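S.K.: Below are the structure tokens for one structure; questions will follow.
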Amino acid sequence: MLKKVAVLVMSLGVVGQLSAHRRDSLARFDGGIGVIPASSAAGTVNPDNTFPNVNRNVVRGVNPPGSPWRIADLKADIDIYGRIKVRGRGLLLAGGNGIGTNANQKVFATLICEAAAPFTEHSTDLAGVALEADGDFRIDDTLNPAVPSTCASPVLLIRNTGGTWFAAGIPALSDDDN
């Protein structure tokens with residue numbers, strides 16, 4: 001009987017911790033999208049295979065790099081205190097002469113909660129963390145400035161230390177996603 005009570009108490013403790021974690025969650029992301037620098041092009045192709053009119057893929061005021069990047073996976077959790085944990089896999093160049101490499105980049109994370117300008121960028125340390133050779137990285141930091149109490153339209157951008165975005169997080173559909 002004592003063993004059953006002990007197991008029940010331990011189970012309730014774990015459930016209570018999970019419930020508290022869910023209550024403290026501001027935003028979660030499960031999956032990632034690599035950047036395609038141009039969102040559209042128009043006009044007759046120039047002799048050098050460029051277009052006269054190109055719209056850059058600017059996301060909430062943040063510019064893309066000059067080349068496409070891909071990401072194999074991304075998971076991120078942000079709590080109401082601004083604590084962020086990100087795990088990214090396979091963030092690599094998807095074009096140009098350096099294709100398939102990490103281009104010796106360092107990255108940081110930025111959360112933007114507003115759907116329309118003006119945008120407030122809540123970022124991890126701008127010095128960034130180095131991408132591993134295979135494009136893997138981990139960020140465990142606190143966002144600055146402080147995050148709002150709610151984030152109705154969350155966008156998470158993974159950016160290089162120059163400030164351009166390389167990948168974006170896909171918002172998790174529910175708290176049950178893991």
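The values are calculated or read from the model by the stated rules, or taken from the named source; none is laboratory data. All values derive from a computational prediction rather than experimental measurement. Cβ placement follows ideal geometry from the backbone for every residue including glycine, while neighbour counts extend to all protein chains displayed.
S.K.: Tell me yes or no: at least one residue of region 106-115 is over 17 Å from P65 (Cβ atoms), of a type in the set (F, W, Y) and touching a residue at least 40 places away in the same chain (Cβ under 8 Å).
M.R.: no
S.K.: For region 136-151, state whether one or more residues are of a type in the set (A, V, I, L, M), more than 14 Å from the chain's Cα centre (by Cα), under 18 Å from D24 (Cα atoms) and surrounded by fewer than 19 Cβ atoms within 10 Å (Cβ to Cβ).
M.R.: The answer is yes, given that some residue of region 136-151 is of a type in the set (A, V, I, L, M), more than 14 Å from the chain's Cα centre (by Cα), under 18 Å from D24 (Cα atoms) and surrounded by fewer than 19 Cβ atoms within 10 Å (Cβ to Cβ).
S.K.: Name the residue that is modelled with the lowest pLDDT, counting only residues in region 139-158 that are in a loop (DSSP other than H, G, I, E, B) and of a type in the set (A, V, I, L, M).
M.R.: Top of the filtered list is A152.
S.K.: In this structure, is L2 modelled with pLDDT under 95 and either more than 26 Å from L173 (Cβ to Cβ) or surrounded by 18 or more Cβ atoms within 10 Å (Cβ to Cβ) (or both)?
M.R.: Against the criterion (modelled with pLDDT under 95 and either more than 26 Å from L173 (Cβ to Cβ) or surrounded by 18 or more Cβ atoms within 10 Å (Cβ to Cβ) (or both)), L2 qualifies.
S.K.: For region 98-112, which residues satisfy the criterion of being assigned to a loop (DSSP other than H, G, I, E, B) and either crowded, with 20+ Cβ neighbours inside 10 Å or modelled with pLDDT under 95 (or both)?
M.R.: Within region 98-112, N102, Q105 meet the criteria.
S.K.: Another question, then. Can you go through P47, P37, P65 and tell me which one is of a type outside the set (D, E), more than 14 Å from L111 (Cα to Cα) and surrounded by fewer than 18 Cβ atoms within 10 Å (Cβ to Cβ)?
M.R.: P47
S.K.: Starting from region 125-141, keep only residues that are in contact (Cβ under 8 Å) with a residue 40 or more places away in the chain and within 18 Å of D77 (Cβ to Cβ), then list their pairs with residues that are crowded, with 16+ Cβ neighbours inside 10 Å and polar (S, T, N, Q) whose Cβ atoms are within a distance under 7 Å, requiring at least 6 positions of separation or different chains.
M.R.: Here the result reads I139/T124; D141/T124, each pair linking region 125-141 to a residue that is crowded, with 16+ Cβ neighbours inside 10 Å and polar (S, T, N, Q).
S.K.: Pick from region 26-45 the residues that are modelled with pLDDT under 95 and in contact with a strand residue (DSSP E or B) (Cβ under 6 Å, 6 or more places away or on another chain): which of them is farthest from W165 (Cα to Cα)?
M.R.: G43
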